[in-house]
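The block underneath contains the structure these notes are about, expressed in structure tokens.
The values are calculated or read from the model by the stated rules, or taken from the named source; none is laboratory data. Keep in mind that what you see is a predicted model, and the values were worked out from it rather than measured. For neighbour counting, all protein chains shown are included, and Cβ atoms are generated from backbone atoms with ideal geometry for every residue, glycine included. Just so you know, the surface numbers come from the protein's heavy atoms only, side chains and all, with ligands and any DNA or RNA stripped out. Shrake-Rupley method; radii C 1.70, N 1.55, O 1.52, S 1.80 Å.
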Amino acid sequence: MANAELTGLVEETLAHPTTNSTQFGTLELDAHARSLATSLGLAENSPDRSRRFRQRLDTDVATIQRAYNAAVAAAGTGEVLLPVAEWLLDNYYVIREQIRDVKEHLPSSFFRELPKLSDGGPRVQAVARELVSHCDSALDEEMIIRFVDQFQLNAELTIGESWAFPVMLRMVLLEQLHAICAQLIQELQSTAEVQRIIQDWDSDGRLLLSQHSGLRCAPTLLSLYSELRARGHEYAPAVAALDRHVQSMGWQLTELQRMEQHRIAANQVSMGNIITSMRLLASLNWVVFFERTNRSERILREDPSGTYPKMDLASRNRYRDAIEQLSKRSSASETKVAKYALMMASTKGHRETLTSAAGTTQADMTQGEKTQGNEQFNELRSHVGYWLVDDGRTEVERAIDYTPAWAERGRNLLRKHPHTFHLTTIAALTSLFGVLVGGAAVTLAVPPGMAMLMAALSLLPASEAAVRITNSLVTQILPPRLLPKLELLEGIPESHPTIVVVPSLLGSERDARTLLSRLENHYLANIDPHLAFALL
């Protein structure tokens, strides 16, 4: 093998996975995040790399597993383990949790939706990789939030990217761990390789160095050097031969020792940082992280009605999903969609409320019900949800030149004419079943009168079947939509008193006592000053 190639292999094994990147302080990280946002250009038609992404993950996991197995085997023989191997053995369950989270929370369908760079890799993964590499895998919550915020000063992360960022951090930490584990495998294999090399030392005192592939990496070279020196004076020729071999690659043994010690120490620090960061990622509330960093979320929280921040997570997710959908099929970014919904709620909802109030005179107060209805309607329009998931969405779609997919067009048409669709489908299926029965009767040479009677008699069961099929079809085309809900973490507010009414049939005095006892249990399990219970 050429000396240049051997030199490259030695340098590769001495390289540390994270020290190749300069470690930044807080201000340097901020500047790097802003610079990164301008340099990472998105590609409109990037190739689908989801399979390659999965293969990379599988490769990383396989290497980590091999290193763990090798460390277990070495520990079983009583061999003194390096600190990196001890970290791996003691915290392998933490690593397995991270691997499971990556596989569960980043399916291929979600991966394909993420904005990509020209090489097909997700932009958010590149952002996560830059953060991890420039802090030597030592993450903390405020650092992560600050880095993302600084990045978004020059480029916004989408809602999907904000949700994917924690998974990408785990993915990058696994990449870093893979690099350390690959070197750990070489270190654990070097002991057996050294023994084979010494056994091949011939009677002339010559080491058959060219025959051993293990002498291409620094751990084996240095392990062999230490072993030969420990065996005494009779192995001095072998030490000299090894020294000449190292010098032929342009290195000195003392220099290799210094660099190897630095690599081992750096790997130990990075291994500790990786495990500590994995524990941190497992403990953080990523919903809070998302809501602190996502730009669209910040806009929605300015809801003029003040309702959005009080809603539960599922309801807020429904609004965010609507923003994603509107942005994907229009030229507007997610933040522009959110801003437009906010603008409509701020102007139309409040303006019409003021107009309604200003137009109310003393004479009009006799029309209390009408006035109250108008106020409720205007209050509804001052909520961003009205413009995202309710009747106001149509106006938003027109404003951003939204182009719905054909499937969505069909669902919208069905929602506009539900009775027509329902009754027409039932009638068509019932008629079809009747025709089929009549046709079968004719085929079997049944007299015409009898065939018509059979077809008529089949209409009742056919209509029942048609109703079931139609209902099933509707639920497939139009899946249930979540009703927006308030979270009410601090209980029911005074402005929203609520009563829980249980419709009941009182057949006897005993039934009444039983129902009252159950009602009391409901009350005791849900004590709230603004919540009442009653039997109807």
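Each residue in segment 382-411 was checked for being in a helix (DSSP H, G or I) and among the acidic types (D, E), and 3 pass.
Contact annotation: residue pairs with Cβ atoms under 6 Å, 6 or more positions apart or on different chains, pairing a residue in segment 398-411 that is closer than 14 Å to L326 by Cα with a partner that is open to solvent by 70 Å² or more (accessible area, probe 1.4 Å), are Y402/R329; T403/R329.
Where residues in segment 111-165 are part of a helix (DSSP H, G or I) and at pLDDT below 90, which of them is surrounded by the most Cβ atoms within 10 Å (Cβ to Cβ)?
Filtering segment 111-165 down to residues part of a helix (DSSP H, G or I) leaves 111-113, 123-133, 141-151, 159-165.
With at pLDDT below 90 added as a condition, the list becomes 111-113.
Working: F111: 20, R112: 13, E113: 14.
That would be F111.
Mind checking which residues of segment 246-265 are among the hydrophobic types (A, V, I, L, M, F, W, C), part of a helix (DSSP H, G or I) and in contact (Cβ under 8 Å) with a residue 40 or more places away in the chain? Scanning segment 246-265 gives L256, M259, I264.
Scanning segment 86-94 turns up one or more residues that are over 21 Å from G121 (Cα atoms), open to solvent by less than 70 Å² (accessible area, probe 1.4 Å), outside any helix (DSSP H, G or I) and not aliphatic (A, V, I, L, M).
Taking E302 as the residue in question, decide whether it is charged (D, E, K, R) and either surrounded by fewer than 16 Cβ atoms within 10 Å (Cβ to Cβ) or outside any helix (DSSP H, G or I) (or both). For E302, the condition - charged (D, E, K, R) and either surrounded by fewer than 16 Cβ atoms within 10 Å (Cβ to Cβ) or outside any helix (DSSP H, G or I) (or both) - is met. Determine whether L531 is at pLDDT 90 or above, touching a strand residue (DSSP E or B) at 6+ places or on another chain (Cβ under 9 Å) and not charged (D, E, K, R). Answer is yes for this residue.
Within segment 181-193, is there a residue that is free of Cβ contacts under 8 Å to residues at least 24 places away in the same chain, open to solvent by 20 Å² or more (accessible area, probe 1.4 Å) and more than 23 Å from Y92 (Cα to Cα)? Checking segment 181-193: at least one residue is free of Cβ contacts under 8 Å to residues at least 24 places away in the same chain, open to solvent by 20 Å² or more (accessible area, probe 1.4 Å) and more than 23 Å from Y92 (Cα to Cα). The set of residues in segment 249-264 being open to solvent by 20 Å² or more (accessible area, probe 1.4 Å), more than 19 Å from L228 (Cα to Cα) and in contact with a helix residue (DSSP H, G or I) (Cβ under 8 Å, 6 or more places away or on another chain) consists of G250, M259, I264. Figure legend. Inter-residue proximity from segment 273-286: first residues open to solvent by 10 Å² or more (accessible area, probe 1.4 Å), second residues of a type outside the set (A, V, I, L, M, F, W, C), beta-carbon distance below 7 Å, spacing 6+ or different chains. Indicated pairs: N273/D136; N273/S137; L280/D140; A282/E97; L284/E141; W286/P166. The sole residue among T470, T498 that is touching a residue at least 12 places away in the same chain (Cβ under 8 Å), in contact with a helix residue (DSSP H, G or I) (Cβ under 6 Å, 6 or more places away or on another chain) and not basic (K, R) is T470.
Residue-by-condition table, conditions (1) touching a residue at least 12 places away in the same chain (Cβ under 8 Å); (2) open to solvent by 80 Å² or more (accessible area, probe 1.4 Å); (3) in a helix (DSSP H, G or I):
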position	(1), (2), (3)
L423	no, yes, yes
T430	yes, no, yes
L453	no, yes, yes
E490	no, yes, no
A532	yes, no, no
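Among the residues of segment 473-482, those identified as open to solvent by 50 Å² or more (accessible area, probe 1.4 Å) and either assigned to a loop (DSSP other than H, G, I, E, B) or without any contact (Cβ under 8 Å) to a residue 24 or more places away in the chain (or both) are T475, Q476, P479, P480, R481, L482. Scanning segment 159-169 finds no residues that are over 29 Å from S109 (Cα atoms) and among the hydroxyl-bearing types (S, T, Y).
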